[in-house]
Amino acid sequence: DKWSHVYADIRRYAERIGKQIQQLGYKGIFSVDCLISSEGRLYILEINPRLTGITPLLTMLYRPGEDIPFYLLHVLEMAAVDYTITDVHYNPIPATGSLLVLHSQAERRGLVVDTLSPGLYDPQTRAFTRADTRLPASSVPALLVQQYIAKGAHVKPGGRILTTYTNMPVLSGDDI
């Protein structure tokens, strides 16, 4: 994989950052936002000591025995429940998936005249497959519509219309 060295670099940076913020007294989840150039150069953009917008996607793409259950750990930390991670094995190559949040582009309130059923859709045909709340753990490509506005509702300008998740890449290797 042409990105293996980048994953290793991200891990090294995350471990160093984690040790530093732990020494400052922080306990909890944090994320490291990165940018990777087309040449494979890694840039650290920011560190967020909290849950971020990617948390729902990580939860949807969670692979038992391969990933750390970040959302569960965050809930335990917020509840001040002590825990110990006993399985430190994880897959260093992230699960493939995407999150898309659609917002109203209108300049004034709009009326919703039709909606999608929440659940799984076939990404090729865009046909509804079944009602569900999670992406399948298998390698079968899927699109999950999780949030929607009810028919007849009014959407304010910039208001969220729906959220979709995929368990597959949505960009080519060239990010287009």
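The values are calculated or read from the model by the stated rules, or taken from the named source; none is laboratory data. Quick caveat, the model's predicted, so the values are computed rather than measured. Reconstructed Cβ throughout: ideal geometry from the backbone, glycine too, with neighbour counts over all protein chains shown. SASA here: full protein model, heavy atoms, side chains in, ligands and nucleic acids out. Shrake-Rupley method; radii C 1.70, N 1.55, O 1.52, S 1.80 Å.
Odds and ends about this structure:
- Looking across the stretch 103-119, just one residue is open to solvent by less than 70 Å² (accessible area, probe 1.4 Å), within 21 Å of the chain's Cα centre (by Cα) and at negative phi, and that is Pro118.
- Members of the stretch 60-82 that are open to solvent by 80 Å² or more (accessible area, probe 1.4 Å) and either under 16 Å from Pro136 (Cα atoms) or part of a loop (DSSP other than H, G, I, E, B) (or both): Pro64, Ala80, Asp82
- Top-ranked residue in the stretch 1-54 [being free of Cβ contacts under 8 Å to residues at least 24 places away in the same chain and of a type in the set (Phe, Trp, Tyr); ranked as nearest to Pro69 (Cα to Cα)]: Phe30
- Some residue of the stretch 17-36 being exposed (fewer than 11 other Cβ atoms within 10 Å of the Cβ) and either polar (S, T, N, Q) or assigned to a helix (DSSP H, G or I) (or both): yes
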